[in-house]
Amino acid sequence: MCIKRVLIIDDEETIQTVVQFGIKMAAGWEVLTAGSGAQGIQTAQSEKPDVILLDVMMPEMDGIATFKALQSHAETEQIPVILLTAKAQTAEKRQFNDLGASGVITKPFNSLNLPEQIARILHWKCKYENLAGRR
Amino acid sequence: MRDTSQPKELMQTELRQQQQRVELFSEVTLKIRQSLQLKEILHTTVTEVQRILQADRVLIYHVLPDGTGKTISEAVLPDYPALMDLEFPEEVFPEDYQQLYAQGRVRMIADVHNSTAGLADCLVEFVDQFQIQAKLIVPIVQTLNAHTHGTSSSKNHLWGLLIAHQCKNARHWVDFELELMQQLADQISIALSQAQLLEHMEEVVEARTAELQEVNRNLQQEINVRMQAEAALRQSEEQLRLITNALPVLIAYVDDQQQYRFNNQAYQDWLGQSPSEIDGCHLQQIWGDECYQRMQAYVETALSGRVITYENDIVLKDGSARSVNVTYIPHLDDSKAVKGFFALTNDISDRKAIERMKDEFISVISHELRTPLTSLHSALKILATGQLGTLSNAGQQMLGIADDSTERLVRLVNNVLDLQRIESGKVVMERQACNATNLMIQAAEVMQAMAQQHGVTLMTQAEDLSIWADADYILQTLTNLLSNAIKFSSPGGTVWLTVACHKKPSSAKSKKQTLKSKIQAAYSEVVFRVRDEGQGIPANQLERIFERFQQVDSSDSRKKGGTGLGLAICRKIIEQHNGKIWAESAPGHGSTFAFTLPAFDRVHHH
């Protein structure tokens, strides 16, 4: 068994919901949700998820600021972060990579495909047959 | 003593007389010379001679060409009849007499009635009519100069006679009197010559005057024509100035030294400098160093003889920044040398502002659409898994429609944003050396699923070529073209993806493997081709399909899920790479989409 714990930080509730449903259905992973950067940092510190999906465009504390905050805390420093963005230009992707993000997933995405995308980005080997069996 | 004194007195008298004569003579000569009018000269002569000689009558007789003659000037005492204007018959003065006089004969007759005088009886009778007792005659000879064909000959001609009469009594004429008469006759001769010369000169002057007047007339005419032309020119210049001044654009003429030679009123309105202040100034002087730096390359292009249009940002006199569109049109002389250029500058600030708003709007809309689209897309996909409950067949069908439409909406939003980003120039193609084979394999891998779904075979003929391009965008172009080819293929069909190195004609000419040909190789191209066996494209649509929302058959295309933006994006991407994209097709025989990219060469390393 290869159960992962994913934290999704997005100010859009609908996104939180579809991500949660999609990942659970596709891979059976556990999904934690946060509606803001501050809340996300708190959850990350307390829950220590395996991966954080972080929306770039958020009011108040945006994705970049949240990411930098996560990087600055010892408890969350090691957690891989994948940025969710509507911008998908080469230059922007590079900028995110330079910041130290593990990867970028461009909106719009199909939440059912997220476990596969995450696993590919983070080189997780475990879940392939799991996903393939379901589809 | 008396013997000796007598001759002395005589000598003294003689000397006095001589002196008197000289004085008289010079006095008369002076009087004569004071006038150029012959009539006046003649009158002075007769008057003076009559006074000096105390003669009763002095006259000048003019011989006419027919041999007759008449008195043309006379001084006569009131007691005696005047001869003035009286015509003398020829017999009075026969031809042979005239000849004698012409040779210088003079006559001194002390008494006409004395037989020794040798006057014919008839003549004596004639002179008696006028109570003439004694007479003294000297000829007035004219030297005629005949100016013919450059040679001049002269001959003596008897013009007339100077005659003194004594009517009261007989008179013994003395030498002094004869001499005086002769000298005065000579003076008249000279005066006659001068008059003749004068007359001749007057003729010449008259002819010259006529010529000059003709020239003057011509000049006047020319001046009139020129003045009219000038007036017309002034008028057209005035009109030109009125028109250029009325236009809300900068209009100027700049010479080959980059100095302004014409400016319209707009310069005053925009920059606060009048056309006369700007005239003769260098461009750099007017626009400042920073702005001139942005202009310089274009100015040089115009002065090399090419029309050029560019955009620039300028600052007006009130400090406001403006975006302008500038066009330079070279001015060539007859020998095709560049004399300067015309400069037209338009304010496009409003257009630019609208463009920026449009870009921003599209960008915001696209971003804002993405979040709800993600939710919608994911939610529908989750529903379709059936894990949340099973739908009826009709329900499944509706869900399918919603799912397909969402996917199309996603593509549309992606494409709109892509196109807007590329068009607005926000996206810079990040070019690097890429391997053509890698790109083709990646593209084929991405499209393999779709090809299988459509029952289409995907054939790739790769070649190990290096291109100079942004890999992501070329991959996007390749997948887009492959997707189109698969969409429009019938099941069982084949889609080919090929690549070839394409030398430009210029490099093919060079046979020797010189440095030059190596450099030319750097400019060679790589051509990618995507060929299908579909229905093909009508010839008149081959260009149009690269425009936005211009599908060959829009209903058919929409059925196939196209957005109508794919080829427009491809074209923008290829153009940004300085490549070319086009379609070739024969209806019923499939189509080929091809594009070129610059080949990578080690020249690019340096």
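The values are calculated or read from the model by the stated rules, or taken from the named source; none is laboratory data. Since this is a predicted model, take the numbers as computed values, not measurements. Here Cβ is always computed from backbone atoms with ideal geometry, including for glycine, and neighbour counts include all displayed protein chains.
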- In the range B:409-435, anything closer than 30 Å to B:THR498 by Cβ and charged (D, E, K, R) is listed as B:ARG411, B:ASP418, B:ARG421, B:GLU423, B:GLU430, B:ARG431
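Between B:GLN387, B:GLN448, B:GLN396, B:GLN453, which is outside any helix (DSSP H, G or I) and closer than 29 Å to A:VAL19 by Cα?
On the way: B:GLN448 fails: outside any helix (DSSP H, G or I); B:GLN396 fails: outside any helix (DSSP H, G or I); B:GLN453 fails: outside any helix (DSSP H, G or I).
Step by step, each of B:GLN387, B:GLN448, B:GLN396, B:GLN453 is checked, and only B:GLN387 is outside any helix (DSSP H, G or I) and closer than 29 Å to A:VAL19 by Cα.
I'm checking my understanding of the structure. Among residues of the range B:371-402 that are hydroxyl-bearing (Ser, Thr, Tyr) and away from every other protein chain (no Cβ under 14 Å), which one is nearest to A:LYS107 (Cα to Cα)?
Looking at residues that are hydroxyl-bearing (Ser, Thr, Tyr) and away from every other protein chain (no Cβ under 14 Å), I get B:THR390.
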- Qualifying positions in the range B:458-497 - more than 13 Å from B:ARG529 (Cα to Cα), of a type in the set (Gly, Ala, Ser) and either free of Cβ contacts under 8 Å to residues at least 24 places away in the same chain or away from chain A (no Cβ under 14 Å) (or both): B:SER466, B:SER483, B:SER489, B:SER490, B:GLY492, B:GLY493
- For the range B:441-455, state whether one or more residues are of a type in the set (A, V, I, L, M, F, W, C), within 14 Å of chain A (Cβ to nearest Cβ) and free of Cβ contacts under 8 Å to residues at least 12 places away in the same chain. yes
- Note on the structure: Residue count, the range B:430-445, condition surrounded by fewer than 16 Cβ atoms within 10 Å (Cβ to Cβ), among the hydrophobic types (A, V, I, L, M, F, W, C) and at pLDDT below 90, comes to 1
- Message: Quick check on the range B:466-474. Is at least one of its residues crowded, with 21+ Cβ neighbours inside 10 Å, among the aromatic types (Phe, Trp, Tyr) and assigned to a loop (DSSP other than H, G, I, E, B)?
- Response: no
- Would you please name the residue that is nearest to the other protein chains (Cβ to nearest Cβ), looking only at residues in the range B:413-426 that are of a type outside the set (S, T, N, Q) and under 11 Å from B:LYS572 (Cα atoms)? B:ARG421
- Please go through the range B:347-370 and pick out each residue that is within 13 Å of chain A (Cβ to nearest Cβ) and charged (D, E, K, R). B:GLU368, B:ARG370
- Item | Close pairs (6 angstrom Cβ cut-off, 6 or more residues apart or separate chains): farther than 17 Å from A:THR106 by Cβ and outside any loop (DSSP other than H, G, I, E, B) in the range A:49-78, modelled with pLDDT of 90 or more and of a type in the set (Ser, Thr, Tyr) anywhere | A:LEU70/A:THR76
- Is the range B:580-595 home to any residue that is modelled with pLDDT of 85 or more, within 49 Å of the chain's Cα centre (by Cα) and of a type in the set (S, T, N, Q)? no
- Note on the structure: Out of (1) part of a helix (DSSP H, G or I); (2) surrounded by fewer than 17 Cβ atoms within 10 Å (Cβ to Cβ); (3) out of contact with any helix residue (DSSP H, G or I) (no Cβ under 8 Å at 6 or more places or on another chain); (4) not hydroxyl-bearing (Ser, Thr, Tyr), the one B:PRO78 does not meet is (1)
- Subset of the range B:230-269 (residues that are among the small types (Gly, Ala, Ser) and either surrounded by 11 or more Cβ atoms within 10 Å (Cβ to Cβ) or not in a helix (DSSP H, G or I) (or both)): B:ALA252, B:ALA266
- Item | Count of residues meeting criterion [at the interface with another protein chain (Cβ under 10 Å from one of its Cβ atoms) and modelled with pLDDT of 85 or more] in the range A:108-135 | 6
- Might you check whether a residue that is more than 17 Å from B:GLU368 (Cα to Cα), touching a helix residue (DSSP H, G or I) at 6+ places or on another chain (Cβ under 9 Å), in a helix (DSSP H, G or I) and within 14 Å of another protein chain (Cβ to nearest Cβ) occurs anywhere in the range A:83-90? yes
- Would you check if B:SER193 is surrounded by 11 or more Cβ atoms within 10 Å (Cβ to Cβ), under 60 Å from the mean Cα position of the chain (by Cα) and either polar (S, T, N, Q) or under 19 Å from B:GLN98 (Cα atoms) (or both)? yes
- Query: When the residues of the range A:94-107 are filtered to those that are outside any strand (DSSP E or B), within 14 Å of chain B (Cβ to nearest Cβ) and within 15 Å of the chain's Cα centre (by Cα), which remaining residue is surrounded by the fewest Cβ atoms within 10 Å (Cβ to Cβ)?
  - Reply: A:ASN97
- Inside the range B:334-356, the number of residues satisfying the requirement of being among the basic types (Lys, Arg) and buried (at least 16 other Cβ atoms within 10 Å of the Cβ) is 1
- Message: Restricting to the range A:13-31, name every residue that is without any contact (Cβ under 8 Å) to a residue 40 or more places away in the chain and facing chain B (nearest Cβ under 8 Å).
- Response: A:THR14, A:THR17
- Residue among B:MET459, B:MET450, B:MET440 that is under 23 Å from B:PHE488 (Cβ atoms) and in contact with a Leu (Cβ under 6 Å, 6 or more places away or on another chain): B:MET440
